[in-house]
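Peer 1: Quick one: this structure, given as structure tokens, is what I'll be asking you about.
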Amino acid sequence: MTLASIDAKTTPPAGQETVLSMVIPTYNERGNVAELIRRLDLTLAGISWEAIFVDDNSPDGTADALKQIARTDPRIRCLRRVGRRGLAGACIEGMLASSATYVAVMDADLQHDETVLPAMLAKLQSGQYDLVAATRYVDGGDASSFSASRGKISRLATKITQRLLGTELSDPMSGFFMMRRASFDEMVPRLSPVGFKILLDIATAKEGLRIAEQAYTFGTRFDGESKFNMQIGIEFLGLLLSKMTNGHLDPRFIFFAIVGATGIAVNLIIFYLALLLWPAASFEVAKAVATGVAMTSNFLLNNSLTYRDRRLKGLGLVRGFIGFCVFGAIGAFTDIGLASQLHHQHEVWWVAGLAGSIVGVLWNYAMSSMFIWRT
Ligand code: GDD
Ligand code: MN
């Protein structure tokens, strides 16, 4: 049998080309997905579309609800990720699963107004743009559904981002956009799976990206609750810092370094308190307690922040902590060894000290990424 005849037998007849993949990250959105699909179906009538839900194994059974719908609706797919969490990473994986000409990302809770999707698609199909960002902060847009405090945070973050990165986006915090899949594919290696701000990451990942905006009204959540929290705010700072170094510093490394710096502060504070409140303790014992507390807080912070998407639990957490201490001790010896060697070669004391610390941090980071929070 020739190859051509095998092909002719096994290749299904070509169907309609999929124009648009909707990528929808979900975490505990069981009460929203059916309504969202119903609305997409109405709005996208006449467009060949599909929806790729990326669910991080939601305890409320969102994936089950989706798979139930998908049994009878081939446009719906649910990618269930186990053991990982993160909005940006979920969006990236969903977009990678698309083979459509255009991909859009939107929230599952109906806060993003789906009725602007056809207008966004038309802008891309005009061929003039690579990315269309939905925005609340231009004429015709609206974000008044935000609570007063959340509204303030959003506007402040928007201003800081615009100042620091000089982005042309009026709403860089938006999680609602559509783009040419080919543009996305080109930039994948430069995107970070950490945090909430996937649009900002994408819009700044490639020089010369042609960006249009689309005004929309930010609605209220249909069901369930927001997953936004302090930690996500801090992660956002990491993304900003990384962008400011033109991506030369990985946000993960920035978090690792920030956590390291908090460790120094914790160490000094505990040391001070121990000497103050526990006069019977010797200097060495107080220092050992302080170092132990700082190591533990560093480990836990790295587990919940730096490596949030690879978080260790149960026995893995204990094993990870032991490894972290062992690598940390080796790192400290390297640090001290290098500093003293440089110092002997008549270097200025702080250059020697700093060089030692930098090598120590790099070592700890490399070991943590490769052996403790490995993928
Ligand atoms: N897979 C996955 N994993 N999805 C997640 C995760 C996660 O860890 N965290 C949140 N999501 C999903 C939610 O289920 C929802 O569909 C969407 O991401 C947005 O999450 P919300 O919890 O509703 O966030 P929000 O409304 O507070 O923030 C939204 O609005 C902001 C506007 O300022 C997001 O769209 C932000 O990106 C946006 O900046
Ligand atoms: Mn929301």
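We did not get these values from a lab; they are worked out from the coordinates using the rules stated. Here the structure is a predicted model, which is why all the values come from computation and not from measurement. Cβ: placed from backbone, ideal geometry, glycine included. Neighbour counts: every protein chain shown.
Peer 1: In nm, what is the difference between 0.36 nm times the number of residues separating Ile336 and Lys313 and their Cα-Cα distance?
Peer 2: Length difference between fully extended and current span is 5.1 nm.
Peer 1: Turning to a different aspect of this structure: Per residue and in Å³, how big is the convex hull formed by the alpha-carbon atoms of segment 131-276?
Peer 2: Dividing the Cα hull volume of segment 131-276 by its residues yields 150 Å³.
Peer 1: Taking 10 °C and 1.306 mPa s as the conditions, I'd like the Stokes-Einstein D for the chain in µm²/s, using the Kirkwood hydrodynamic radius from alpha carbon pairs.
Peer 2: In µm²/s, the coefficient rounds to 68.
Peer 1: For the chain, with a Gaussian network of springs between Cα atoms less than 10 Å apart, report the residue from Asp335, Asp107, Asp56 with the top mean-square fluctuation.
Peer 2: Comparing Asp335, Asp107, Asp56 in the GNM, the peak value goes to Asp335.
Peer 1: Most mobile of Ile211, Ile270, Ile24 per a Gaussian network model of the chain (Cα springs, under 10 Å)?
Peer 2: So, out of Ile211, Ile270, Ile24, the one fluctuating most is Ile270.
Peer 1: Here's another thing I want to ask about it. If you put +1 on each Lys and Arg Cβ and -1 on each Asp and Glu Cβ, how big is the dipole of segment 19-117 around its Cα centre, in Debye rounded to 20?
Peer 2: 340
Peer 1: Averaged over every viewing direction, what's the projected area of the C-alpha convex hull for segment 251-372? Give it in nm², one decimal, please.
Peer 2: Dividing the Cα hull surface by four gives the mean projection, 8.5 nm².
Peer 1: Report, in listed order, any pair from Lys152/Lys243; Lys152/Lys197; Lys67/Lys123; Lys197/Lys313 with a Cα-Cα distance greater than 28 Å.
Peer 2: Lys67/Lys123
Peer 1: Summing -39500 (n - 2.57) over the DSSP H runs of n ≥ 4 in the chain and dividing by its residue number, what mean residue ellipticity at 222 nm do you reach, to the nearest 500 deg cm²/dmol?
Peer 2: -16500 deg cm²/dmol
Peer 1: Return a whole-number percent for the relative contact order of the chain, with Cα pairs under 8 Å and 6 or more residues apart as the contact set.
Peer 2: Computed value for the chain: 15 percent relative contact order.
Peer 1: Run the numbers for Asp185 and Ile211: contour at 0.36 nm per residue of separation, minus the present Cα-Cα distance, in nm.
Peer 2: Length difference between fully extended and current span is 7.7 nm.
Peer 1: Based on the Cβ-Cβ distance of Phe371 and Ala261, what FRET efficiency does E = 1/(1 + (r/R0)^6) give at R0 = 30 Å, to the nearest 0.05?
Peer 2: 0.85
Peer 1: Taking the Cα centre of the chain as origin and charging only Cβ (+1 Lys, Arg; -1 Asp, Glu), how large is the dipole, in debye to the nearest 20?
Peer 2: Result for the chain is approximately 540 debye, rounded to the nearest 20.
Peer 1: What whole-number volume per residue, in cubic angstrom, does the convex hull of the C-alpha atoms of segment 26-105 give?
Peer 2: 89
Peer 1: Continuing with this model, one more query. Express in nm, to one decimal, how much length is gained between Leu300 and Gln128 on full extension, taking 0.36 nm for each residue of separation and deducting their alpha carbon distance.
Peer 2: Additional length available on full extension: 57.2 nm.
Peer 1: Also, I was wondering about something else. What residue among Leu241, Leu131, Leu268 has the largest mean-square fluctuation in a Gaussian network model of the chain, using Cα springs under 10 Å?
Peer 2: The residue that fluctuates most here is Leu268.
Peer 1: How much of the DSSP beta bridge set in the chain is antiparallel, as a percent to the nearest 5?
Peer 2: 25
Peer 1: In a shell of Cβ-Cβ distance under 13 Å around Met106, excluding Met106 itself, what net charge do Lys and Arg (+1) and Asp and Glu (-1) give?
Peer 2: Details: positive: Arg39; negative: Glu29, Asp107, Asp109, Asp113, Glu114.
That sum, taken over residues with Cβ under 13 Å, equals -4.
Peer 1: Same structure, new question: For the chain, which DSSP H helices look membrane-span-like by this rule: Cα extent along the axis of 30 Å or more and mean Kyte-Doolittle of at least 1.6?
Peer 2: Correct list, ordered by number: 251-277.
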